[in-house]
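The values are calculated or read from the model by the stated rules, or taken from the named source; none is laboratory data. Predicted, not measured: the structure shown is a model, and the values here were computed from it. When we count neighbours, we look across all protein chains shown, and the Cβ atoms used for this are built from the backbone with ideal geometry, even at glycine. Quick note on the areas: whole protein, heavy atoms, side chains included, nothing else; ligands and nucleic acids left out. Shrake-Rupley method; radii C 1.70, N 1.55, O 1.52, S 1.80 Å.
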Amino acid sequence: MNPRSETAQALVFRETLMDDDESAFGKGIRVEAAIVEVGNEKRVVVVVVVGYEQNLSEWSSPLKLLSQDKEALLKVPVLFASFDQTSRLASGYGACSVIAILIAHWLHCNPKLIPTRVQFESLILQGSSEWGALSNECSYYQNKFSNNHFDIETVINAGIRPVSICTDRSVTGMFGVEKFALLKDMFSLDNMWENITKDLTTEPKIFVVGWNDHFFVLRLELHVCYIIDSYGSRLFRGCNQAYMLKFDDSSVIYGTDQQIFCTGKDCCKEYMRKFLSSNIVMKLEKEYKRGYIQLPYLYEKLQVDMSYMCLNAPSPVSSSSTSSYDAPSFLQL
């Protein structure tokens, strides 16, 4: 491919992005383009470097998020990417499982680090590209997943990264157990949280969480935990930026009386209960009381899988290769 034509494509994309997306990102954005190799293919990668009226390079001041029932207010440190997996830049609408595997692998290779914004964006781009390649790889995947929204077992078996699921340390349960008589004997969020937070050490625990046709990463440490999600709309409606939430000593949830309901790392559990899943639980509860909802549908909508991710031992061939998937050099700010 002619480098000049690739540069021309980048310039066209830059003009389009500036014209169409300025309202989303705010004025003064800077767009950079470079030619990178993905496998045997050369591609133009265009990256939004600054935008959205925020300092996207570091963790921002605490995000304030009101629950759907308006009975809880969360304050938690947040780091936003400048785009998410569904953007034109990433073009990874169904790539969440692949991106989650890449992030889990990166965290294992860098156990004392959390991705910077640039590294986070690079992982989203890499994961979206890998997803696109996997989607076109063979008819088997296309027949099994009509929307190319792969489960993590498929991604792991495809050898995207050398990680696997430790089944004996994974846990499956249900959101909203307390709301439905049909679920009274099921493993609840409280049960799951107790299970995954016991015996924490200085070595982080890394889970890929699957719920409601989406996957994100949960990293647990002794005094802090992180949710790393490539799909902005899971944080709040209309959000078009991937995000990382940091539940530490500064995190707090207030109740309706403005009294402190929860602090610290445990705010992560209550975030999943009162913010992440509450809207679907409330809707299902209304339908359930009318007699419209049966157990299989509750399973489909409320089952949550927390898969504990393990790093595979390197083979002699790959042991000398790099273990840290950082951003390309042109993305280093």
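Summary of computed values
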| quantity | calculated |
| --- | --- |
| Boolean, Ile152 is crowded, with 18+ Cβ neighbours inside 10 Å and touching a Phe, Trp or Tyr at 6+ places or on another chain (Cβ under 7 Å) | yes |
| Residue in the stretch 115-134 that is more than 30 Å from Ser60 (Cβ to Cβ) and surrounded by fewer than 17 Cβ atoms within 10 Å (Cβ to Cβ) present | yes |
| Pair list, Cβ under 6 Å, 6 or more apart: the stretch 159-176 residue within 15 Å of Asn312 (Cα to Cα) and of a type outside the set (Gly, Ala, Ser), other residue in a strand (DSSP E or B) and open to solvent by less than 40 Å² (accessible area, probe 1.4 Å) | Val163/Met309; Ile165/Ser307; Cys166/Tyr308; Cys166/Cys310 |
| Residue in the stretch 141-152 that is touching a strand residue (DSSP E or B) at 6+ places or on another chain (Cβ under 8 Å) and under 28 Å from Lys301 (Cα atoms) present | yes |
| Selection from the stretch 285-306 of residues that are buried (at least 18 other Cβ atoms within 10 Å of the Cβ) and either over 21 Å from Phe215 (Cβ atoms) or out of contact with any Gly (no Cβ under 7 Å at 6 or more places or on another chain) (or both) | Tyr288, Ile293, Leu298, Lys301, Met306 |
| In the stretch 58-117, residue farthest from Asp151 (Cα to Cα) [restricted to those that are in a loop (DSSP other than H, G, I, E, B) and among the basic types (Lys, Arg)] | Lys70 |
| Every residue from the stretch 215-236 that is open to solvent by 10 Å² or more (accessible area, probe 1.4 Å) and assigned to a loop (DSSP other than H, G, I, E, B) | Glu221, Leu222, His223, Val224, Tyr231, Leu235, Phe236 |
| Filter result (out of contact with any Leu (no Cβ under 8 Å at 6 or more places or on another chain) and either closer than 17 Å to Ser135 by Cα or at pLDDT below 95 (or both)) within the stretch 93-110 | Tyr93, Gly94, Ala95, Cys96, Ser97, Ala100, Ile101 |
| Scan of the stretch 73-104 for residues that are open to solvent by less than 10 Å² (accessible area, probe 1.4 Å), within 21 Å of Ile152 (Cβ to Cβ) and not hydrophobic (A, V, I, L, M, F, W, C), ordered by number | Asp84, Gln85, Gly92, Gly94, Ser97 |
| Per-region count, the stretch 188-214, residues buried (at least 17 other Cβ atoms within 10 Å of the Cβ) and either more than 15 Å from the chain's Cα centre (by Cα) or under 23 Å from Trp59 (Cβ atoms) (or both) | 11 |
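One line per residue, one yes/no per condition, for (1) closer than 27 Å to His108 by Cβ; (2) modelled with pLDDT under 95; (3) not in a helix (DSSP H, G or I):
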| site | (1), (2), (3) |
| --- | --- |
| Tyr140 | no, yes, no |
| Ile160 | yes, yes, yes |
| Asp168 | yes, no, no |
| Thr201 | yes, yes, yes |
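Yes/no per residue for (1) within 23 Å of Ile196 (Cα to Cα); (2) at pLDDT below 85:
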site	(1), (2)
Ser278	yes, no
Glu285	no, no
Arg290	no, no
Ile293	no, no
Glu300	yes, no
Val304	yes, no
Met309	yes, no
Ser318	no, yes
Ser321	no, yes
